[in-house]
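I have placed the structure first, in the form of structure tokens, so that the comments after it can refer back to it.
The values are calculated or read from the model by the stated rules, or taken from the named source; none is laboratory data. Computed from a predicted structure; not experimentally measured. Backbone-built Cβ (ideal geometry, glycine too); neighbour counts: all protein chains shown. Note: areas computed on protein heavy atoms with side chains; ligands, DNA, RNA excluded. Shrake-Rupley method; radii C 1.70, N 1.55, O 1.52, S 1.80 Å.
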Amino acid sequence: MGATVLVGSQWGDEGKGKIVDLISKEYDVVARYQGGANAGHTVEIGDKKYVLHLIPSGILREKVVCVIGNGVVIDPTALLEEIDLLKKNNIDVDGRLFISHNAHLIMPYHKLLDSISESGDVKIGTTGRGIGPCYIDKYGRKGIRIVDLLDRVELEKKIRTNLKEKNEFLQKIHGHEGLDVEAIVKEYLEFDQIIDKYIKDAPAYLNRALDEGKSVLLEGAQGTFLDIDHGTYPFVTSSNPTSGGACTGSGIAPTRIDSVIGIVKAYTTRVGNGPFPTELLDEDGNKLREFGAEFGATTGRPRRCGWFDAYLLSYSRMINGITSVALTKLDVLSNFKQIKVCVAYEINGKRLKSFPTNVNQLNSVTPVYETLDGWNTDISNCESYDDLPAKTLDYLDFISRHSGIKINIISVGPKRKQTFFVDQ
Ligand code: GDP
Ligand code: IMO
Ligand code: MG
């Protein structure tokens, strides 16, 4: 068996955490491959709600081994808080959580620089977790990696060199106070002892697992249209959430991936700034936010809400090579008499032939909608595809045809049991 990649197909928060938790009972290993604590993956089990930021959502299955891959940027404080929180809930991670030695560390200056860059003219609406500045240092070859924690002398040298440069930048360019070098050196030297036991050569570990016939699930964070290459640049995150990123961010080769699951919300949401053609700034938008409890799992910000965009999704299907889909939050649409679906974009009355990746163009498109009847019945207790009302089945059929996707899993609520598989 090869590896499976699970990606967010829209702008993040599609319900990846819920689906990873659900299907990870069939997997031996779950690994994150990009992003950092900007992610907020919610898993509800019974009356408990867990929001995971860095640790893969497979951690709540006691037999699953979890790996934080080399493509992830790790804030050690956030990681230790998350481990602690899990331990307090009797979920022991020792012996089944590993961190790639090549993952980069988020430093205090990354978080500060993130907030400073958001005070400029172009506001992305970041999560403020230091993600962009950390990836800038990674690609600028100035980053500090998990493996650096193992050599205290070198670590101290690297932190001092970087801080000299960052403090000069903070003081001279931004008139900001410099950061306390000694305090940061002390703080990071201490992480070494705590994090040591989790460090692994993750690519070797993951490939060995596959050699031994184990199954590996690669859990994406964020979503396709937040991808640094394929998203609505510059209103994106600084990594590759799309399926291609799963290979570089984990060390698993493309030839070892055999399926890509796209997680798709039954409507669309976005947090932060940037184009959103089907956004609803009216009562329907407020209803989606209210019924879908659309508030960020990491920052608590209200999410922007809009109708399902089949045109956007067909682009996502192409970029990710999606082989199957888990559709989430279908229950939220139960409250609408009529439901719209975007099937194409127009500019000046002319239909576009391909998805526009330029932000200015995307900002000026007019979505072409088809209107479907709603089903007006609570579906959150449905236990199978056959339980769904005929009008719900029409909706599913319509969005599948227009996006070119095959829906295999349907989610009608946040809990594990509010999910069923579709027989193909
Ligand atoms: P992720 O970042 O993709 O893991 O998604 P988030 O956890 O940020 O946001 C998804 C939210 O929707 C969470 O609060 C989930 O508990 C919730 N959720 C997931 N699936 C469903 C569903 O089918 N119906 C409803 N009503 N809520 C869901
Ligand atoms: P999960 O994994 C939704 C958004 C931010 C901002 C942009 C850049 O829970 O789906 P960053 O802090 O990454 O530099 O912010 O990306 N963003 C997300 N939106 N879900 C996420 O993660 C997100 N992670 C980042 O709101 O617009
Ligand atoms: Mg989220």
(message) Under the √(5λ) rule applied to the eigenvalues of the Cα gyration tensor, what semi-axes describe the equivalent ellipsoid of the chain? Give them in Å, descending.
(response) 36, 26, 19
(message) Restricting to Cα pairs below 8 Å that are 6+ residues apart, what does the relative contact order work out to for the stretch 104-195? Please round to a whole percent.
(response) 25
(request) Please list 400-408, 212-220 highest first by mean number of surrounding beta-carbon atoms within 10 Å per residue. (result) 212-220, 400-408
(message) Rg and Dmax in Å for the stretch 74-122, alpha carbons only: what are they?
(response) 15.1, 46
(message) Over the stretch 204-311, what is the relative contact order in percent, taking alpha-carbon pairs closer than 8 angstrom and at least six residues apart?
(response) 20
(request) Using amide H atoms built 1.01 Å from N in the peptide plane, name the residues 5+ places from Lys406, or on other chains, whose amide H lies under 5 Å from its own. (result) Val325
(request) Report Rg (one decimal) and Dmax (nearest whole number) for the stretch 262-421, counting Cα atoms only, units Å. (result) 15.4, 46
(request) Only Cα pairs under 8 Å and at least 6 apart count here; give the relative contact order of the chain as a rounded whole percent. (result) 20
(message) Once ligands and nucleic acids are excluded and a 1.4 Å probe is used, how much of Met318 is accessible, expressed in Å² to the nearest 10?
(response) 120
(request) For the stretch 179-252 and the stretch 23-101, compute the distance between their C-alpha centroids and round to whole Å. (result) 12
(message) Under a crude label model (7 Å from the Cα following the beta-carbon direction), how far is Glu26 from Asn381 in nanometres?
(response) 2.8
(request) Work out, step by step, the length gained on full extension between Ile45 and Glu177: first 0.36 nm times the residue separation, then minus their alpha carbon distance; give nm to one decimal. (result) 43.0 nm
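What full-extension length gain, to one decimal in nm, is calculated for Thr371 and Lys350 as 0.36 nm per residue of separation minus the Cα-Cα distance?
5.5 nm
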(request) Of the listed pairs Lys158/Lys200; Lys200/Lys265; Lys138/Lys164, which have alpha-carbon separations greater than 24 Å here? (result) Lys200/Lys265
(message) Sorting check: for 279-289, 118-128, which peptide has the highest mean count of neighbouring beta carbons within 10 Å, and how do the rest follow?
(response) 279-289, 118-128
(request) Using the heavy atoms of the protein chains and a 1.4 angstrom probe, tell me the accessible area per residue for the chain in square angstrom. (result) 43
(message) Could you tell me how many cubic angstrom of Cα convex hull volume the stretch 33-157 has per residue?
(response) 119
(message) What do you get for the angle between helix 202-211 and the principal long axis of the chain? Use alpha-carbon atoms, 0 to 90 degrees, nearest ten.
(response) 50
(message) Which of Ser354, Ser314, Ser364 ends up with the largest GNM mean-square fluctuation for the chain, with Cα atoms connected below 10 Å?
(response) Ser354
(message) At 1.4 Å probe size, put Tyr233, Tyr267 in order of accessible surface, largest to smallest.
(response) Tyr233, Tyr267
(request) Could you sort out which of Lys18/Lys88; Lys340/Lys391; Lys337/Lys417; Lys287/Lys350; Lys340/Lys417; Lys123/Lys172 sit more than 25 Å apart by Cα distance in this structure? (result) Lys337/Lys417; Lys287/Lys350; Lys340/Lys417
(request) Give the angle, between 0 and 90 degrees and rounded to the nearest 10, that separates the Cα long axis of helix 108-117 from the longest principal axis of the Cα atoms of the chain. (result) 50
